[in-house]
Amino acid sequence: MNGLDDTPAGDVMNASSPLLRRLAALAALAIGAGLAAAVGSLPEPPAALPRQVAAFLPASGVRNPVTAVLLNFRSLDTLLELAVLVLAATAARALSAPRSVAAALPPPDPVLAAFFRLFAPMALLVAGYLLWVGAHAPGGAFQAGSVLAATGVMAALTTRFAAFGASRWLPPALALGPAVFLAVGVAVAGGGRSFLQYPAASAGGLILLIESAAALCIAAALAALFLECLQGPLRGPAADPPGGPR
Amino acid sequence: MSALLYAVVGAVLFALGLYGVVAASPLLRKVLAFNIAGSGVFLFLVAMADRVRVPFPDPVPQAMVLTGIVVAVSATALALLLICLLRELSDRPREAADDGH
């Protein structure tokens, strides 16, 4: 049928030879020792970059230097990183079986479901707090997105709530992150400013807007990846059980 | 001083992961080993960030690690799905032969 069928599973998954293992151990040992030695002999760190961050922090719209780097000074990196997330989630969606998540799950435990109903509002509150606090303390879109994703996974595992319609609302949430990021980046450009160069006066609000969309996008991507893994891979017609549709 | 210790531990983790990627035979172990190597890189970057204190630890490596962790998690999930798919595909010839064409 195709090239993959000609390759037996054994060729891909067989044990590596002892010689290869020994060579790998030697190489890893040498690289590890070299890296550790290099760490010991590092020159004094050039402090130019953190000084620049400190100097431009007041103009960034946030007080947390990490958020300033992520969402202002190097926002293009973060935009592309969101694109990578969307790409990974989309690829996983393409590879996974198009069956409902609910079919892959055991029936929900009523005690767990009741616990989740108590837990969910607190988790959402924590996610919102992390998103808000990112402007002046450790926190931000990534942390909030992870908490939201964990809440979504718990919802899928303990109730049937997230299992229904997840495939319908996850893609729009995924697209929201890069879309809002791009829209803001294009909207602030012009008048001497380049793409993603926010005006200092409104930078704080714009960063919060982007972070809110990014948190939803990250949460959707992580939850989608979990659910796709749960659904398992695509099944070809040959994998149907005997007596199946044939 | 502790920054140096963490950086050395990061280098050791990277070497361990590298060995696992080459020497481990099951694909799942390779993926796990890759994650260990990645954690070593993250630890190294964070340790490097702590060497500078003017007036806060260098935020640029911290931002890189923050995005890197999320990318690593999603790439791992994709890799796991690909492993499942590979297993599914490599089981096919036998089942097709059982059908007796």
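The values are calculated or read from the model by the stated rules, or taken from the named source; none is laboratory data. Worth saying up front: this structure is predicted, and the values here are computed from it rather than measured. We place every Cβ from the backbone using ideal geometry, glycine too, and count neighbours over all the protein chains shown. Areas reflect the complete protein model, heavy atoms only, side chains present, ligands, DNA and RNA absent. Shrake-Rupley method; radii C 1.70, N 1.55, O 1.52, S 1.80 Å.
Pick from A:Leu35, A:Leu4: which is at pLDDT 85 or above and either of a type in the set (Val, Ile, Thr) or part of a helix (DSSP H, G or I) (or both)?
A:Leu35
Scan the stretch B:27-57 residue by residue and report those that are at pLDDT 90 or above and either outside any helix (DSSP H, G or I) or of a type in the set (D, E, K, R) (or both).
B:Arg29, B:Lys30, listed by residue number.
Are any residues in the stretch B:3-46 in contact (Cβ under 8 Å) with a residue 12 or more places away in the chain and hydroxyl-bearing (Ser, Thr, Tyr), and if so, which ones?
Correct list: B:Tyr6, B:Tyr19, B:Ser39.
Within the stretch A:150-163, can one find any residue that is aromatic (Phe, Trp, Tyr) and touching a residue at least 24 places away in the same chain (Cβ under 8 Å)?
No.
For the stretch A:170-187, how many residues meet the condition of being among the β-branched types (Val, Ile, Thr), touching a residue at least 24 places away in the same chain (Cβ under 8 Å) and open to solvent by 30 Å² or more (accessible area, probe 1.4 Å)?
Residues in the stretch A:170-187 being among the β-branched types (Val, Ile, Thr), touching a residue at least 24 places away in the same chain (Cβ under 8 Å) and open to solvent by 30 Å² or more (accessible area, probe 1.4 Å): 1 in total.
Given A:Phe142, A:Phe119, A:Phe115, which one is out of contact with any Phe, Trp or Tyr (no Cβ under 7 Å at 6 or more places or on another chain) and either within 13 Å of another protein chain (Cβ to nearest Cβ) or at positive phi (or both)?
Result of the check over A:Phe142, A:Phe119, A:Phe115: A:Phe142.
Quick grid of which residues meet (1) at pLDDT 90 or above; (2) more than 14 Å from the chain's Cα centre (by Cα); (3) not hydroxyl-bearing (Ser, Thr, Tyr):
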position	(1), (2), (3)
A:Phe161	no, yes, yes
A:Ala179	yes, yes, yes
A:Gln197	no, yes, yes
A:Ala200	no, yes, yes
A:Ile207	yes, yes, yes
A:Ala215	yes, no, yes
A:Ala238	no, yes, yes
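Find the helices (runs of 4 or more DSSP H) located wholly in the stretch A:38-99 whose residues include 2 or more that are under 30 Å from A:Arg235 (Cα atoms), and list them.
A:75-95
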